[in-house]
Amino acid sequence: MATASKPQTGMKSAEKEELLRIEGISKIYDGTVKAVDDVSLTVYKGEIFGLLGGSGCGKSTLLRMLAGFEAPTKGKIYLAEQDITNLPAYQRPINMMFQSYALFPHLSVWENIAFGLKRDGMPKDQIAERVEKMLGLVQLTKFAPRKPHQLSGGQQQRVALARSLAKRPQLLLLDEPLGALDKKLRETTQLELVNIIEQVGVTCVLVTHDQEEAMTMASRIAVMSEGYFLQVGDPDTVYEMPNSRKVADFIGNVNMFEGVIEEDEPDHVTVRSLECIHYVGHGISGHAGMQVGVALRPEKVMLSKRKPKGDYNWAEGEVIEIVYFGAHTTYHLKLASGMVLKAQEINSTRDLSCGLTWGDKAYAHWSNEAMVVLTQ
Amino acid sequence: MAQSKNTFLNFFSGRKLIIGVPYVWFISLAAIPLLIVLKISLSTMETASVSNMVDWSKGWPSLTLNFSSYQFIASDALYVKTYLSSIKYALITTIICLAIGYPFAYFMARAPKHIQPTLLMLIMLPFWTSFLLRIYAWKTLLVNNGIINNALISLGVMSEPIAMMNTPFSLTIGMVYSYLPFMILPLYANLSKLDIRYLEAAADLGTSPLKTFWLVTVPLSKAGIIAGSMLVFIPSIGEYVIPELLGGSNTLMIGRVLWDEFFSNNDWPMASAVAIVMILLILVPMALLNKYQSDQASDKAGA
Ligand SMILES: Nc1ncnc2c1ncn2[C@@H]1O[C@H](COP(=O)(O)OP(=O)(O)OP(=O)(O)O)[C@@H](O)[C@H]1O
Ligand SMILES: [Mg+2]
């Protein structure tokens, strides 16, 4: 069944069975607004696929086309090898959990969850059984007779999840499932949500603009911008090896140097930037004289008071800010060029940075493998 | 002393004054007149005037109550029949208005945003001409040699005119025509606020558009349906002008009885009693509406 048409970036096993395939899908609103621009994607059975991107980049539009609420301007959608592009929403074996939950206000929690089952003409006793099971799954059994507005935000969120899972959809769509919750509740709910999804074993497409959420919940992510995918891969790969400045910038914190390739060898390259000369311990697809970006994650930068040996991969600066986060501390180093370099130190090893404080002179250094050279 | 002066000032301070204005309005223009009508309905023909309201003959104020008008209403089958008939026409009018008004309001609410104000304008357009004139215009349409009958005969659909004027049909048409906007406006206000995501959620859960309408749209617009129905039903019961102009003598409505008691028989106690009973009839649906609304409100408050 698995068609190995796409480069299966980050797949743990190439044996995975394809569930959803999107081919060159586009959505143009009012003839001019390109909300989704020629997107292709394959989602495999059992995975949680994260769609990540800034506000207005087209995530919801893409999801709504999958649910059947918007008709694509161009392109095809296949679910289990079946073309569903023109199937109306109410005939698709796909359920969606809405950003704002959209629980029916005139129905109780129990009736909300049973709503979709009743439409399928399921026998009454089976409906009751299934609803009870879903209520148990989201731990809301004793809230069954309540109306949605009598529940807290987190409880409503769980009802919405139970409702969208009750029909055992082949594909579950989640649009910012935790968007309405506060930060602390989000973090616990993320794991809870993943747990429930894995228990049920449903394939998910999850939309979020929060990169941490995508990283913790999804097994594979796509970074979206202006309607198209910048990069698709598992969270580690996207974080460690972003393929463009935009992705590096969007996912996590990054120090970005702008420079020119000086040496371009198969086993290494050097890039000269205003701040320092970068020695990158692997070859890249570029050429000498090329303008590139060098991305360096703050947690890969080390600090010391003594000048590092060698000519590469270090810079001198003044500590202008120390931000304490509990588990780690971020130092802001102002370099001679004016650039502010961020270095993140784990707090248990903080003594390694020699008790730096505001106004101190310090050297930042990093290894040959710490950087990613970005050509676009 | 200072204390009481303060409360006096407080009473006239902005907030209380603003809250007080509607009360003053209500008491002087609704409650007191209503009490006067109630008192007159409990008087005899001779004592039925505002100056005779309170009896001073014994040297102190006293009220003499006379229930003969009410007894008469209860004993005369014609009154009971007229009340029932009024309720019947009001109900028919309400149901037809709802049946026509709901789809009307629905499509108005779903129309492109930029043409909605125009549609709303069109609904209110009839109010620009006099109500009497519009009802009278129906006469020219419905009479035996009116526009409709003439057109049908000249088209050869039939040879004899259909008697439409002065029938329950002409009455109902006039009532529906006049009260339709009062059904459409609250329904439109309600339906245009209906969150489209509920409809999407229903579709997502496998509900066909028609089922979604009955299972989601209608229940969620219940408040609009109730408001519209009240706005049509309540004034319909006491309607006088339309039955007078379009209903003829065989359509019984309480508004005309009221008129006759006041202006033909000059029997103020009787007329007032008829009016009071009508108010009681209207109070029942009003109370139901009130209960529904306060239920809604306490539901919300519990959130
Ligand atoms: N119905 C519509 N008509 C016209 N343009 C639309 C419509 N819906 C969305 N758009 C536009 O399409 C683009 C993508 O919108 P979309 O809702 O998919 O963004 P998003 O990625 O979900 O953003 P957010 O994170 O803010 O929810 C936006 O520029 C938006 O203005
Ligand atoms: Mg969105």
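Values for this structure:
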{"quantity": "Cut-off under 5 Å, modelled amide H: who pairs with A:ASP360 long-range", "calculated": "A:VAL319"}
{"quantity": "Residues with amide H under 5 Å from that of A:ARG220, placed H, sequence gap 5 or more", "calculated": "A:ILE48, A:GLY50"}
{"quantity": "Loop-located trypsin sites (Lys or Arg not before Pro) in the range A:235-336 whose Cβ has at most 10 other Cβ within 10 Å (DSSP)", "calculated": "A:ARG306, A:LYS309"}
{"quantity": "Per-residue Cβ neighbour rank within 10 angstrom, fewest leading, B:TYR179, B:TYR240, A:TYR324", "calculated": "A:TYR324, B:TYR240, B:TYR179"}
{"quantity": "Chain B: Rg to Rh, with Rh as the Kirkwood radius over Cα pairs", "calculated": "1.07"}
{"quantity": "Cα gyration tensor, the range B:218-303 - rounded (a/c under 1.5), prolate or oblate", "calculated": "oblate"}
{"quantity": "Shielding by partners, peptide B:213-222 (average Cβ within 10 angstrom, other chains)", "calculated": "2"}
{"quantity": "Greater than 32 Å apart at Cα, pairs in A:LYS27/A:LYS342; A:LYS183/B:LYS193; B:LYS139/B:LYS291; A:LYS124/A:LYS183; A:LYS45/A:LYS300; A:LYS45/A:LYS246", "calculated": "A:LYS27/A:LYS342; B:LYS139/B:LYS291; A:LYS124/A:LYS183; A:LYS45/A:LYS300"}
{"quantity": "About the Cα centre, charge dipole magnitude for the protein assembly as shown (Lys/Arg +1, Asp/Glu -1 at Cβ), debye", "calculated": "1840 debye"}
{"quantity": "Rel. contact order, % - alpha carbon contacts under 8 angstrom, at least six apart, chain B", "calculated": "25 percent"}
{"quantity": "J(HN,Hα) series, the range A:100-117, from Karplus relation 6.51 cos²θ - 1.76 cosθ + 1.60, nearest Hz, glycine and proline x", "calculated": "9, 6, 6, 6, 5, x, 8, 10, 6, 4, 4, 5, 4, 6, 7, 3, x, 5"}
{"quantity": "Fluctuation leader among A:THR329, A:THR42, A:THR237 - chain A, Gaussian network, Cα springs under 10 angstrom", "calculated": "A:THR329"}
{"quantity": "Distance from the range A:173-190 to the range B:164-198 (C-alpha centre basis), Å", "calculated": "44 Å"}
{"quantity": "Sparse-neighbourhood loop sites, trypsin sites (Lys or Arg not before Pro) in the range B:192-225 - DSSP loop, at most 13 other Cβ within 10 angstrom", "calculated": "B:LYS193"}
{"quantity": "Share, in percent, of DSSP beta bridges within the protein assembly as shown that are antiparallel, nearest 5", "calculated": "75 percent"}
{"quantity": "Karplus-derived 3J(HN,Hα), 6.51/-1.76/1.60, for each residue of the range A:257-262, Hz, glycine and proline x", "calculated": "9, 9, x, 10, 5, 9"}
{"quantity": "Three-way shape label, the protein assembly as shown, alpha-carbon gyration tensor, a/c 1.5", "calculated": "prolate"}
{"quantity": "Shielding of B:191-204 by partner chains, average beta-carbon count, 10 Å", "calculated": "6"}
{"quantity": "Under the Karplus curve 6.51 cos²θ - 1.76 cosθ + 1.60, θ = phi - 60°, whole-Hz ³J(HN,Hα) for the range B:112-117, x wherever Gly or Pro sits", "calculated": "x, 3, 6, 9, 4, x"}
{"quantity": "Placed amide H near A:MET96: partners under 5 Å, 5+ positions off or other chain", "calculated": "A:LEU173"}
{"quantity": "Computed over the range B:157-247: relative contact order in percent, which uses C-alpha pairs under 8 Å that are six or more apart", "calculated": "50 percent"}
{"quantity": "Exercise: per-residue mean of other protein chain Cβ atoms within 10 Å, A:103-110", "calculated": "3"}
{"quantity": "The range B:206-235 and the range A:63-113: distance between their alpha carbon centers, rounded to Å", "calculated": "25 Å"}
{"quantity": "Loop-exposed GluC sites (Glu not before Pro) per DSSP, neighbour cap 13 Cβ within 10 angstrom, longest uninterrupted part of chain A", "calculated": "A:82-368"}
{"quantity": "Aspartates and glutamates with Cα under 20 Å of A:LYS305, excluding same-chain neighbours fewer than 8 positions away", "calculated": "A:GLU275, A:GLU316, A:GLU318, A:GLU321, A:GLU345, A:ASP351, A:ASP360"}
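Values in this text are rule-based calculations from the coordinates and carry no lab data. What you see is a predicted model; the values in this text were computed from it and never measured. A quick note on method: Cβ atoms are made from the backbone with ideal geometry, for glycine too, and the neighbour counts reach across all protein chains shown.
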